[in-house]
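Novice: Sharing a structure here in structure tokens format.
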Amino acid sequence: ISVRRTLYLHQSWALSIGAEISGYSISSGLGDITLDMGGDMIYMPFNGTVEPTDTGCVIVSSTDIPAYLFRLCGLTQIKLGARQQDQPMGRAQRLVFAMLRREPDGTWAVVEPSPKFIERLVR
């Protein structure tokens, strides 16, 4: 006997396609958030470190919030290493952003960032 399972999923994210943050339009959502930046500057949201990844993205971390990592893709003119809050990190035509939270088992899960946090990146 073949039984089909019906799943009812409900997840509502405040950051949806077409919404704007600081005048920049969101062009994708649910997981990675994509902002059309037009080559504008991206700023460090807090004191921390910008590290390269093997995929061309960067990871932003801070000892002040060790349970979170922030993955940013699409940056050019990247400034790596220790950065202070409000210092430029680079520029982006399209910024692809993900906020990751450390789970109790040590894995990382993508979580929805608050629009206020993203405003700190883009102004």
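Novice: Using a 1.4 angstrom probe, figure out how much accessible area the range 48-87 has per residue, in square angstrom, rounded to the nearest whole.
Specialist: 58
Novice: Quote the accessible area belonging to Ser61 in square angstrom, nearest 10, computed with a 1.4 Å probe and with ligands, DNA and RNA left uncounted.
Specialist: Estimated to the nearest 10 Å², Ser61 gives 30 Å².
Novice: Let me ask something else. For Asp54, Asp32, write out the residues from largest to smallest accessible area, computed with a 1.4 angstrom probe and no ligands counted.
Specialist: Largest to smallest exposure gives the sequence Asp54, Asp32.
Novice: As an exercise, find the ratio Rg/Rh for the range 26-123 from alpha-carbon atoms, using the Kirkwood inverse-distance average for Rh.
Specialist: Across the range 26-123, the Cα-based Rg/Rh ratio is 0.93.
Novice: Stretch Gln87-Thr107 to full length: gain in nm at 0.36 nm per residue minus the Cα-Cα span?
Specialist: Between Gln87 and Thr107, full extension yields an extra 4.3 nm.
Novice: Expressed as a whole percentage, what fraction of the accessible surface of the range 38-88 belongs to carbon and sulfur atoms when a 1.4 Å probe is rolled over the protein heavy atoms?
Specialist: 51
Novice: May I ask you to compute the full-extension gain from Gln77 to Thr55, defined as 0.36 nm times their residue separation minus their alpha-carbon distance, rounded to one decimal in nm?
Specialist: 6.3 nm
The values are calculated or read from the model by the stated rules, or taken from the named source; none is laboratory data. Everything numeric here is computed off the predicted structure, so don't read it as measured data. Heavy atoms of the whole protein, side chains included, go into the accessibility calculation; ligands, DNA and RNA do not. Shrake-Rupley method; radii C 1.70, N 1.55, O 1.52, S 1.80 Å.
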